[in-house]
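Novice: Dumping the structure here so I can ask a few things about it.
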Amino acid sequence: MTVTEDETRDLEADFERTVAAEGRIEPRDWMPEGYRKTLIRQIAQHAHSEIIGMQPEGNWILRAPSLRRKAILLAKVQDEAGHGLYLYSATETLGVDRAELTEKLIDAKQKYSSIFNYPTLTFADIGVIGWLVDGAAICNQVPLCRSSYGPYARAMVRICKEESFHQRQGFELLRTLMAGTDAQRAMVQDAVDRWWWPSLMMFGPADGDSPNTQQSMAWRIKRHTNDELRQRYVDMTVPQAAALGVTLPDPELRWNDELQAHDFGAIDWDEFAQVVKGAGPCNAQRLANRRAAHEDGQWVRDAAAAYAAKRAHQEVPAA
Amino acid sequence: MSMADDTTAHVEGEPTFDGSTPPRAHWPLYEVFVRGKRGLNHVHVGSLHAPDDTMALHNARNLYTRRNEGVSIWVVRGDAITASSPDEKDPFFAPSGDKVYRHPTFYEIPDDVPHL
Amino acid sequence: MHSHDETDDENVYDALASADDDGRWAFGTGFDAGTAEIDAPVPEGVDRDDLATYCLMLADDALVASQRLAGWTTKAPELEEEVALANIALDLLGQARVLLARAGHLGAAEPFRVGPQDDEDVLAYFRDDRAFRNVTLVEIDLGDFAQTVAWILVLASWRLALLQRLTGSRDPVLAAVAGKAVKELTYHRDYAAQWVLRLGDGTPLSHARMQAGLEAVWPFVEELFTAHAVERRLVDAGVAVDPTELRGEVEAVLDQVLPAATLTRPDRAAVGLVGGRGGRDGVHTEALGPVLAVMQSLARAHPEATW
């Protein structure tokens, strides 16, 4: 079916009106191709991040030092698989299949959050991931519950509810460790030292270097700029760090009374660029693991499909 | 990417049963509907992939209800749904407009459904 | 127009340091002994040490099985299976925790206590493999997905048959744990049966792997139907289940599933015992040591710490 230029103009006007009025775009609505592509890229990247993010935390499930912590961590990593599935489900409403996105992930053609390319070296990393990484993710994600695309917004509502529990358990673990032995306290500070700067990078490049931000904000796919969210995260985290009794590793971090916000030091964007381009500490390992799981599972998926096909044939009535 | 190309990628190939060429089809997409408690309607909560109806129910129970007892679940293959959507305008996607399983989530989720 | 503004941008952070939320963590993570109290009195005429040992047996079965299953995390053949396998691992871990706490209450933790940990953690982290009382089935390497579902099918069918009977135990904690676990195990058994069917009657490759997986698990099945002296004493006291009675039920499940899955019942001898002793006596396969070494490494590096 062809659409005339006039019709396209009408549709585009409808779309713009809906978005401007904070309405939701739903899967069968007309949408600009750029909007659809941007959404697919953003949601897929988000879904991939959930799935790859299972690995650094999964690294400690077998060694979790108490049964309660083991159960919480296993449930958390399971939640992340669930979040990935919710998000892949949202991408499918845009006409793209999960299998296709998985291929793009393991071929390194689509990205995931660079934070998961850092290693988890101690159990305190589990707490710090909950507190800082999930905390940063919440800053990024809570506004997305009002994203203009309905299926994405709805998935984010569910995800944010669970993420807030994740952040809470991370904070609670760190509080326990800080009230523990000297070795446990040292473990926490070491983990904070390693994760603080990567967590700031989670908000993406500075606004001046983020060419897509303006269009994404106009489309209400994004609600705030990278720097706005990063500032909010810093302002939120500083008092929490004080409450925990840990030092954030930034000598330039201080309250600016004039701006009513914290000043903080320069982010090492070279390191960020390295990690994004695939040369972080764990990029290769994370993708290799995901690829192995996917490829090792092919025979299982094939078998189930073959079984279903046989049954479908058998169920055809003989008469 | 074209919608038409994309959807054909999901059509399961005609399987052969002589053991020579096992079908390498993707698991089909299922839409999931959950009744959170008695007195409520089933509402659409999302989708998942499963090889068949039985496993789709298993997966739905795991993923969308966290195995909450007393929750009723429906799963239906996306390609079995026929839908109309008067407020929505989809001429751009018209070639796949009948493939409603591509566009499942136009059901709204009430806020009062637990676990969603 | 539907909107989700109830998820406010700001107040999500308010509750950050609020009270413990274990209850929210789905299943298995909460500490749920059902209706019974961990410190319920020992039923009259029942030997306290025997009861503690029996709790350890059933706890260790679940704990080691859970640890093995958790090893699938991030490696499952499909994301939906990640969720399913984690569910089973969490259920078993939840069962183990209540049973360990009961054993601890009965005094089982004291010989192993070196620090301030809860009983369940003393028993899980500071016992050596020789003090673990699990059947050896739960400690073996799980192999591929086919072997894993064969293992779950056998384990869940057996444990379900056992715990169904245990709901009538004179020990209120055992009865309560069993009552809750029966629902969980029914689900595990069904999940595994569905996969055994699909792999057995799927492709030629999956059929071969499914048969091989079943063969790998088979030598560890016989031990499931062997009664230990502690079990025999507690059967007489109305507390425990006689494992020799479970064979019929487990075989009935397999007799139903295996032919439907076009699989053959393996003809393989049971693994031999060491001087007549097996897992229930603390005499294990070589597989258990490394499993526990991984599980216990961090806790043992900080014996004075809690987490």
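The values are calculated or read from the model by the stated rules, or taken from the named source; none is laboratory data. In this text, all values refer to a predicted model and were calculated from it rather than measured experimentally. Every residue, glycine as well, gets a Cβ built from its backbone with ideal geometry; the counts of neighbours run over all protein chains shown. What goes into the accessible areas is simple: the full protein's heavy atoms, side chains included, and nothing from ligands, DNA or RNA. Shrake-Rupley method; radii C 1.70, N 1.55, O 1.52, S 1.80 Å.
Novice: Nothing charged except the Cβ atoms of Lys and Arg (+1) and of Asp and Glu (-1): what's the magnitude of the dipole of segment C:46-301 about its Cα centre? Round to the nearest 20 debye. Don't skip to the end; give the middle numbers.
Specialist: Values: 25 positive and 37 negative charges, 42 e Å.
Magnitude of the dipole: close to 200 debye.
Novice: Shielding of A:96-107 by partners, i.e. mean partner chain Cβ atoms within 10 Å per residue?
Specialist: Numbers: counts 5, 8, 8, 6, 5, 0, 2, 0, 0, 0, 0, 0.
Counting other chains' Cβ atoms within 10 Å and averaging over A:96-107 gives 3.
Novice: Ok, one more. With charges only on Cβ, +1 for K and R and -1 for D and E, what is the dipole size of chain A about its Cα centre, in debye, rounded to 20?
Specialist: Charge dipole of chain A: 1220 debye, to the nearest 20.
Novice: Tell me whether chain C comes out rounded, prolate or oblate; compute the Cα gyration tensor, take square roots of the eigenvalues as a ≥ b ≥ c, and use a/c under 1.5 as the rounded threshold.
Specialist: Oblate is the answer for chain C, as a/c is 1.5 or above yet b/c matches or exceeds a/b.
Novice: Using alpha-carbon pairs under 8 Å, 6+ residues apart, how would you state the relative contact order of segment C:189-255 in percent? Don't skip to the end; give the middle numbers.
Specialist: Details: 31 pairs, mean separation 12.1, N = 67.
Here the relative contact order equals 18 percent.
Novice: Ignoring ligands, DNA and RNA, how much accessible area is buried between chains B and C, both sides summed, with a 1.4 Å probe, to the nearest 100 Å²?
Specialist: Looking at B and C, the buried total is near 1800 Å².
Novice: Between segment B:27-64 and segment C:153-180, what's the alpha-carbon centroid distance in Å?
Specialist: That distance is 30 Å.
Novice: Helix A:150-178 against the longest principal axis of chain A: what's the angle in degrees, Cα atoms only, rounded to the nearest 10?
Specialist: The helix A:150-178 is inclined about 20 degrees to chain A.
Novice: Could you give the size of the charge dipole of segment A:258-319 about its Cα centre, using +1 on the Cβ of each K and R and -1 on the Cβ of each D and E, expressed in debye and rounded to the nearest 20? Spell out each step's value before the answer.
Specialist: On the way: 7 positive and 9 negative charges, 139 e Å.
Dipole magnitude for segment A:258-319 comes out near 660 debye.
Novice: Among the listed pairs A:Lys109/A:Lys222; A:Lys104/C:Lys183; A:Lys37/A:Lys310; A:Lys70/A:Lys222, which have their C-alpha atoms separated by more than 29 angstrom in this model?
Specialist: A:Lys104/C:Lys183; A:Lys37/A:Lys310; A:Lys70/A:Lys222, as the Cα separations exceed 29 Å there.
Novice: Which shape class, rounded, prolate or oblate, goes with chain A when its Cα gyration tensor gives a ≥ b ≥ c as root eigenvalues, a/c under 1.5 marks rounded, and past that a/b bigger than b/c marks prolate?
Specialist: Oblate, since a/c reaches 1.5 and b/c is not below a/b.
Novice: Still on this structure: May I ask you to compute the full-extension gain from A:Ala179 to A:Asp209, defined as 0.36 nm times their residue separation minus their alpha-carbon distance, rounded to one decimal in nm? Could the numbers behind the result be given before it?
Specialist: Values: separation 30, 0.36 × 30 = 10.80 nm, distance 4.17 nm.
Gain in length upon complete extension: 6.6 nm.
Novice: With a/c under 1.5 counting as rounded, go ahead and sort the protein assembly as shown into rounded, prolate or oblate using the C-alpha gyration tensor (a ≥ b ≥ c being the square roots of the eigenvalues; past the cut-off, prolate if a/b is larger than b/c, else oblate). All intermediate terms of the calculation are to be shown ahead of the outcome.
Specialist: Details: a/c = 2.04, a/b = 1.29, b/c = 1.58.
Note, shape of the protein assembly as shown comes out oblate.
Novice: Among residues other than A:Glu163 whose Cβ falls under 12 Å from its Cβ, what is the net charge (Lys/Arg +1, Asp/Glu -1)?
Specialist: -1
Novice: Helix A:67-92 sits at what angle to the longest principal axis of chain A, using alpha carbons and giving 0 to 90 degrees rounded to 10?
Specialist: In chain A, helix A:67-92 runs at an angle near 40 degrees to the longest axis.
Novice: If you don't mind, there's one more thing I want to ask. Leaving ligands, DNA and RNA out of it, report the carbon-plus-sulfur percent of the accessible area of the protein assembly as shown at a 1.4 Å probe. Could you put the intermediate results ahead of the total?
Specialist: Working: 14490 of 28050 Å².
After summing per-atom areas, the C and S share lands at 52 percent.
Novice: Once the dipole of chain C is set up with Lys and Arg at +1 and Asp and Glu at -1 on Cβ about the Cα centre, which of C:Phe220, C:Ala124, C:Leu155 lies farthest towards its positive end?
Specialist: About the Cα centre, the residue reaching furthest to the positive side is C:Phe220.
Novice: Specify the angular offset, from 0 to 90 degrees and rounded to the nearest 10, of the alpha carbon long axis of helix A:283-296 from the longest principal axis of the alpha carbons in chain A.
Specialist: So the helix axis and the longest Cα principal axis differ by about 40 degrees.
Novice: Another question, then. Once you wrap a convex hull around the alpha carbon atoms of segment C:183-307, what is its projected area averaged over all directions, in nm²?
Specialist: In nm², the orientation-averaged hull projection of segment C:183-307 is 11.5.
Novice: Moving on to the next point. For segment A:105-184 and segment C:66-99, compute the distance between their C-alpha centroids and round to whole Å.
Specialist: 21 Å
Novice: What accessible area, summed over both chains, is buried at the B-A interface (1.4 Å probe, Å², nearest 100)?
Specialist: By this definition, chains B and A bury close to 3900 Å².
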